[in-house]
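The values are calculated or read from the model by the stated rules, or taken from the named source; none is laboratory data. Keep in mind that this is a model prediction, so the values were computed, not measured. Ideal geometry is used to build each Cβ from the backbone, glycine not excepted, and the neighbour counts take in all protein chains shown. What goes into the accessible areas is simple: the full protein's heavy atoms, side chains included, and nothing from ligands, DNA or RNA. Shrake-Rupley method; radii C 1.70, N 1.55, O 1.52, S 1.80 Å.
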Amino acid sequence: MEGQEIDVFRTVFEEHYPIVRRKLMALIQDEAAAEDLAQEVFIRLYRNPPDDPGAIGAWLHRVLTRIGYDYMSKQIRERKLKEKQEHYYDSREQLLSSGEEIVLKRMDQEEVREWMDDLPERDRQLLMLKYSGYSYAEIAEELNVRPPLVGSMLSRATSKLRRKVQGKSAPQS
């Protein structure tokens, strides 16, 4: 592109980018993806501009709509593939587990539940949230405590659980 064409493109970009981004955001409901897709729209404009410069708005709308729908279709395909893979591996794992392994796993889970039931409610909540994948900030919000306290609270709850486990697994005489 020559200098004048670059200036025209820059003007079109500056004028239409916020609108394109906003429409994509409304369509796909993901801000980061909307920004990436808006850039893709303008890359296509740069590489293959419409024949009629007066129809730039309609051209951009048509391209952003197509790109947005393609993105959503891809997301749906990826989600279905992931679900299919998870189902395959879950069913495969169940087939590979022997009856004895299933019984042992259930016994372990019941034993852990008993240990957890012996803990105070707050400690039980802390440990359940932590091992369910919550971050310290999310745990703090969930339990209405200051975020800096979560680490020490978790440490104390873990120590209490460890003492329960050691006390219960010690040989009874």
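Residue pairs exceeding 32 angstrom between C-alpha atoms, taken from 80/164; 82/164; 84/164; 105/160; 80/130; 105/130: 80/164; 82/164; 84/164.
Probe radius 1.4 Å, ligands and nucleic acids left out: which of 28, 19 has the largest accessible area, and how do the rest follow? Could you put the intermediate results ahead of the total?
On the way: 28 20, 19 65 Å².
The residues order as 19, 28, largest area first.
Multiplying each eigenvalue of the alpha-carbon gyration tensor of the stretch 1-50 by 5 and taking the square root yields semi-axes of 23, 10, 7 Å, largest first, rounded to whole angstroms. Computed from Cα positions, the angle between helix 31-47 and the longest principal axis of the chain comes to roughly 30 degrees. In the set (1) 15.3, 45; (2) 21.6, 71; (3) 28.0, 92, the label that goes with Rg and Dmax of the Cα atoms in Å computed for this structure is (3).
For the chain, with all protein chains in place and a probe radius of 1.4 Å, 51% of the accessible heavy-atom surface sits on carbon or sulfur. Among 89, 17, the order of accessible area from largest down is 89, 17, computed with a 1.4 Å probe on protein heavy atoms. Here residue 41 sits with roughly 0 square angstrom of accessible surface, probe radius 1.4 Å. Shown here: the stretch 1-89, whose C-alpha atoms stretch 58, 22, 19 Å along the first, second and third principal axes, sorted largest to smallest. Computed from point charges on the beta carbon alone (+1 for Lys and Arg, -1 for Asp and Glu), the dipole magnitude for the chain about its Cα centre is near 640 Debye. Residue 147 sits among other residues whose Cβ lies under 15 Å from its own Cβ, and their net charge, with Lys and Arg +1 and Asp and Glu -1, is -1. Here's the picture: charge each Lys and Arg Cβ at +1 and each Asp and Glu Cβ at -1 in the chain, and of 48, 165, 6 the one pushed furthest to the positive end of that dipole is 165.
In the neighborhood of residue 35, defined by Cβ-to-Cβ distances under 13 Å, what is the net charge if each Lys or Arg adds +1 and each Asp or Glu adds -1? Please list the in-between numbers first.
On the way: positive: 21, 22, 23; negative: 30, 31, 36, 40.
Charge balance near residue 35 sits at -1.
At 222 nm, what helix-only mean residue ellipticity would the chain give, in deg cm²/dmol to the nearest 500, using -39500 (n - 2.57) for each DSSP H run of four or more? Numbers along the way, then the final one.
Numbers: 7 runs with 144 residues, N = 173.
Rounded to the nearest 500, the figure is -29000 deg cm²/dmol.
In the chain, the longest principal axis of the Cα atoms and the axis of helix 121-130 are about 50 degrees apart. At a Förster radius of 30 Å, what calculated FRET efficiency corresponds to the Cβ-Cβ distance of residue 58 and residue 78, to the nearest 0.05? Step by step, r from the Cβ atoms, then E = 0.45. Ordered by solvent-accessible area of protein heavy atoms (1.4 Å probe), largest first, the residues 27, 129 come out as 27, 129.
Against the main long axis of the alpha-carbon atoms of the chain, helix 56-96 sits at an angle near 20°.
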